[in-house]
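Reading through the structure tokens given below for one structure.
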Amino acid sequence: MDGFAFIQKCHIESYKRTEEDRFKEKILIAKGIMDIPVPEFSISNRLDLLNRLNALQCVVEIQTDLESSFFIGKLEEVKTSIFRWKSMDNRGKWENDLRQLRVRDIVSINVNTDYVTSLVAYNQSL
């Protein structure tokens with residue numbers, strides 16, 4: 001499993017789960033791949049989720065409503081309508097300044113993806 005994503009419902013138009021998808025899931029379960037522990041998250045509202053990610057100090061990928069725009073970073077401050085995070089560049093280096101984004105601009109938040117964990121591992125090797 002390559003991490004997991006939280007997607008705002010308003011951005012999901014439809015989804016489809018085929019018999020082939022169900023079969024693949026059974027294979028992954030049999031191999032123990034689907035048994036990856038996932039921290040408990042409240043998804044009742046965006047602020048609960050952001051506050052939990054902040055408390056866990058997760059490095060996440062945040063996709064905004066600009067289709068090709070995403071950011072890698074660690075949340076530093078969560079307020080009602082905005083949040084700030086420390087950004088990691090595409091070479092695995094932490095930037096000095098905090099960035100700011102409106103909560104309502106979030107489309108998805110990806111956690112523990114291969115790309116993010118690889119950047120973090122590279123950063124720790126520097």
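Report, by residue number, each residue of the stretch 50-59 that is in contact with a Cys (Cβ under 9 Å, 6 or more places away or on another chain) and either open to solvent by less than 60 Å² (accessible area, probe 1.4 Å) or assigned to a strand (DSSP E or B) (or both).
Within the stretch 50-59, the first condition is being in contact with a Cys (Cβ under 9 Å, 6 or more places away or on another chain), and the residues that meet it are 52.
If the condition is that a residue be in contact with a Cys (Cβ under 9 Å, 6 or more places away or on another chain) and either open to solvent by less than 60 Å² (accessible area, probe 1.4 Å) or assigned to a strand (DSSP E or B) (or both), then no residue fits.
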Over the stretch 102-126, the set of residues open to solvent by 50 Å² or more (accessible area, probe 1.4 Å) and in a loop (DSSP other than H, G, I, E, B) is Asn112, Leu126
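Answer with yes or no whether Ile62 is more than 19 Å from Asn110 (Cβ to Cβ), of a type in the set (A, V, I, L, M), open to solvent by less than 50 Å² (accessible area, probe 1.4 Å) and at pLDDT 90 or above. Break it down stepwise before answering.
Working: more than 19 Å from Asn110 (Cβ to Cβ): no; of a type in the set (A, V, I, L, M): yes; open to solvent by less than 50 Å² (accessible area, probe 1.4 Å): yes; at pLDDT 90 or above: yes.
In short, no.
Within the stretch 41-49, can one find any residue that is assigned to a loop (DSSP other than H, G, I, E, B), surrounded by 10 or more Cβ atoms within 10 Å (Cβ to Cβ) and without any contact (Cβ under 8 Å) to a residue 24 or more places away in the chain? Quick ask: steps written out before the conclusion?
Step one: of the stretch 41-49, the residues assigned to a loop (DSSP other than H, G, I, E, B) are 41-45.
When the remaining residues are screened for being surrounded by 10 or more Cβ atoms within 10 Å (Cβ to Cβ), the result is 41-43, 45.
This time we only want the ones that are without any contact (Cβ under 8 Å) to a residue 24 or more places away in the chain, so: 42, 45.
Yes, the conditions are met somewhere in the stretch 41-49.
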If a residue must be part of a strand (DSSP E or B), open to solvent by 60 Å² or more (accessible area, probe 1.4 Å) and touching a residue at least 12 places away in the same chain (Cβ under 8 Å), how many such residues does the stretch 74-101 contain? 8
Would you mind telling me which numbered condition in (1) among the polar types (S, T, N, Q); (2) loosely packed, with under 11 Cβ neighbours inside 10 Å; (3) modelled with pLDDT under 90 Thr18 fails? (3)
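The values are calculated or read from the model by the stated rules, or taken from the named source; none is laboratory data. The structure presented is a predicted model; accordingly, all values stated were derived computationally and were not measured. All Cβ positions, glycine included, derive from the backbone under ideal geometry; neighbour counts span all protein chains shown. Heads up: the accessible areas ignore ligands, DNA and RNA and are worked out on the full protein's heavy atoms, side chains in. Shrake-Rupley method; radii C 1.70, N 1.55, O 1.52, S 1.80 Å.
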